[in-house]
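Let me begin by presenting the structure, written as C-alpha cells, before commenting on it.
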Amino acid sequence: MSERTSNRVFDIVNITFISLFVIFCLAPFLHTIAISLSSNRAITSGEVTIFPKEFNWDAYIQVFSDQSMIYSLGFTSVLTVATTVLCMLFTLAAAYPLTKKKLKGRKLFMYVIIITMFFSGGMIPEYLLIRDLNLLNSVWALILPGLVSPFNLIILISFFRGIPESLEESAEIDGSSHVHTLFKIILPLSMPVLATLALFYAVGRWNGFQDSLLYINDPKLYPLQLKLFQMVQNNMVSELTLMEGANRAPLTPESLKAATVIFATVPILLVYPWLQKYFVSGAMLGAVKG
C-alpha cells in the first residue's frame, strides 16, 4: 500500500470516527430541544426523536413567564462574571511569583498546590469551615472556596515559564517594576491562555450547583443550575404549570424540564464562539511548556 493510499484511508477513518463522535454528542442536546418544542401528545406517545413534533413554544412561554427564573438568570450571569474576574486576578497573583527562581520556598509552594489536587478535607469539613466563617447564605460562599483552581494555576505557571526571560530582563534594565512588566509585557503575550482559563472558570461557575445546594437557603441567591436541579428533583414544574391560563392545556413535566435545560445552557454556549480562537492554542501551550 502506497503512502498516499495509506494517508487517504487514515483520513477516511479519522473523519468517520469524528463524525460519529459529534453525532453522539449532539444527539442528546437535539433531543432535548425537540422535546421542549413538541406537543404534549407527541411527547407522551414517544414520537419525538431529534426533530420536534407538532411544533409549539408553550414550554418556553411558561419558563420566561416565571420571574424567579429570569431573576436567577441575571443573578447567575453577574455571579459568573464576578467569579471569573476574581479567580483570574488571584490566579495571576499566584502564578507569576511562582515562576521566579529567586522566590524562596517556590518548590514547597508547588508541592502544596499539587497535593490539593489529589486530597481535600471533604464535604463536611468544608461546610463547617464555611459556617464558622459566617458565610452561609452569602454570595461569598459561592466565590471564595473556588477562588484558585490548582489545575488552572499550573497551566498558567507552565505558560509563563515558556516566555523568554530576556524580555523581562530587558524590561528590568529599562527600570520596569515587576507589576509593570506583568501588565505591559507578560499579559499581552498570554492572551490565549488567559482566555482559556477564564472560560474554564466561567463554565465551572455557571454549571456549579453543589456549593449553592450546601451553603445557600435564600431563594434570592439561587443560581440557575440550582433552580434546574430543584425542578428535576422536587418536581417544581407544577409551579410553572399553575401559571398557565385556563384556555391552554397544561404542559407535560418533560417539556418544561427540557425547556428549562435549554434556558440554562444556551447563555454559556454563546460565550464559546468569542473565545474559540484562543481555546485550543491556550490549552496546548500551557500544557506542553515547562
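The values are calculated or read from the model by the stated rules, or taken from the named source; none is laboratory data. These numbers were taken from a predicted model, which means no experiment stands behind them. Here the Cβ is made from the backbone with ideal geometry for all residues, glycine too, and neighbour counts use every protein chain on show. Remember, those area values only see protein heavy atoms, side chains included, never the ligands or the DNA or RNA. Shrake-Rupley method; radii C 1.70, N 1.55, O 1.52, S 1.80 Å.
Here are a few things to note about the model shown:
- Within segment 210-221, residues that are hydrophobic (A, V, I, L, M, F, W, C) reach no partner that is assigned to a helix (DSSP H, G or I) and surrounded by fewer than 11 Cβ atoms within 10 Å (Cβ to Cβ) with beta carbons closer than 6 Å at six or more positions or on different chains.
- The listed residue being aliphatic (A, V, I, L, M) and either touching a Ser or Thr at 6+ places or on another chain (Cβ under 9 Å) or over 21 Å from Thr260 (Cβ atoms) (or both), out of Leu98, Leu73: Leu98
- Taking every residue in segment 85-97 that is more than 19 Å from Leu199 (Cβ to Cβ) and open to solvent by 50 Å² or more (accessible area, probe 1.4 Å) and pairing it with any residue that is among the small types (Gly, Ala, Ser) and modelled with pLDDT of 95 or more, at least 6 positions away or on another chain, yields no pair with a Cβ-Cβ distance below 7 Å.
- In segment 43-69, the residues that are surrounded by fewer than 14 Cβ atoms within 10 Å (Cβ to Cβ) and either within 28 Å of Tyr201 (Cα to Cα) or touching a Phe, Trp or Tyr at 6+ places or on another chain (Cβ under 8 Å) (or both): Gln67
- Count of segment 175-207 residues which are open to solvent by less than 20 Å² (accessible area, probe 1.4 Å) and not in a helix (DSSP H, G or I): 1
- Inter-residue pairs, beta-carbon under 8 Å, first of a type in the set (A, V, I, L, M) and in segment 107-124, second open to solvent by 70 Å² or more (accessible area, probe 1.4 Å) and part of a helix (DSSP H, G or I), 6+ apart: Met117/Phe151
- Qualifying residues in segment 98-108 (those that are under 17 Å from His178 (Cβ atoms) and in a helix (DSSP H, G or I)) - the one most open to solvent (accessible area, probe 1.4 Å): Arg106
- The one condition in (1) more than 23 Å from the chain's Cα centre (by Cα); (2) touching a residue at least 12 places away in the same chain (Cβ under 8 Å) that Val13 fails to fulfil: (2)
- Of everything listed in (1) open to solvent by less than 90 Å² (accessible area, probe 1.4 Å); (2) modelled with pLDDT of 85 or more; (3) under 27 Å from Lys257 (Cα atoms), the single unmet condition for Ser19 is (3).
- Filtered residues of segment 152-189 (kept if of a type in the set (Phe, Trp, Tyr) and either in contact with a Cys (Cβ under 6 Å, 6 or more places away or on another chain) or touching a residue at least 40 places away in the same chain (Cβ under 8 Å) (or both)): Phe159, Phe160
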